[in-house]
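Nothing in this text is a laboratory measurement; each read-out follows from the coordinates by a stated rule. Only a predicted model underlies this, so the values are computations on that prediction, with no experimental measurement involved. Heads up, the Cβs are rebuilt from the backbone with ideal geometry, glycines too, and the neighbour counts pull from every protein chain shown.
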Amino acid sequence: MTSAAPHRSRREQLPSGASGRLPWVLVVPAVLGLAFLVLPLAGLLVRAPWPTMLERLAEPQVLQALRLSLVTATIATAVCLLLGVPLAWLLARVSFPGRRLVRALVTVPLVLPPVVGGVALLLVLGRRGLIGQWLEATFGVTLPFTTAGVVVAEAFVAMPFLVISVEGALRAADQRFEEAAATLGATRWIVFRRVTLPLIAPGVVAGAVLCWARALGEFGATITFAGNFPGTTQTMPLAVYLALETEPEAAIVLSLVLLAVSVIILSSLRDRWVNSP
């Protein structure tokens, strides 16, 4: 009798529906899926020209492309925060006709081929575009094939990641705190700034991180709308593409730099939005 008690207690500790044996029917495809994601990255590490790595990293064009990528991705993320957080609040908190259609339109860049997005930006913001020709005639501003055009292209493809994350955080936030602040006389702006934003801060940070990473790796819309001009619009993904045609080892080095920057940023910020209460 006494020997059976510990056995029963161990079985009772198992989660509902779990057994003591591994479900190989799930483990095998899971391992294959992991290998499918990890092996290409391992291939970069194996084939990297490590003896000449530092020399290649010190090349002016590499530093130039990296600097441009970091700057444009950061500015694009700031633009997305400025425009995307209010848009997410509108979708989460305000009922209006056509809200589902608006939400669908916001998520279109997630599934739209980036090259198509670049063509669309040219048709609207190009020199002969619907808005671009007015910008040039009125303010003398042209966006295509400029650094500003890179920011626009990156923000276009990255903003949905921020909006979806922030909208989800807004829907999950407890509105009783906002209602309590309103009953105490706080204006809507004060409630939003001092109550709503702190409540959804993990979601905002998560969306900003995803947005920044997507902007950093953007290629199709950038090369279509902004071109590939060194020092002006040639970001790291574009430099990788150009180097792959002429110097594969340089492309590997550039790819490793882009991978390392992405991993460092995501890893340093991960605990702030994954483990936050």
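Figures for the structure shown
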| item | result |
| --- | --- |
| Mean projected area in nm² (Cα convex hull; one quarter of hull surface) for the range 155-252 | 8.3 |
| Added length on full extension, which subtracts the Cα-Cα distance from 0.36 nm per residue, L57 to L197 | 46.4 nm |
| Residue of P237, P40, P114 that the Gaussian network model of the chain assigns the largest fluctuation, springs spanning Cα pairs under 10 Å | P40 |
| Size of charge dipole - the chain - debye, nearest 20, with Cβ of Lys, Arg +1 and Asp, Glu -1, no other charges | 1060 |
| Cα gyration tensor, the chain - rounded (a/c under 1.5), prolate or oblate | oblate |
| Net +/- balance of residues flanking E55 in space, Cβ distance below 15 Å, scoring K and R +1, D and E -1 | -2 |
| Estimated FRET transfer efficiency when R0 is 35 angstrom, pair V46-E245 (beta carbons, to 0.05) | 0.95 |
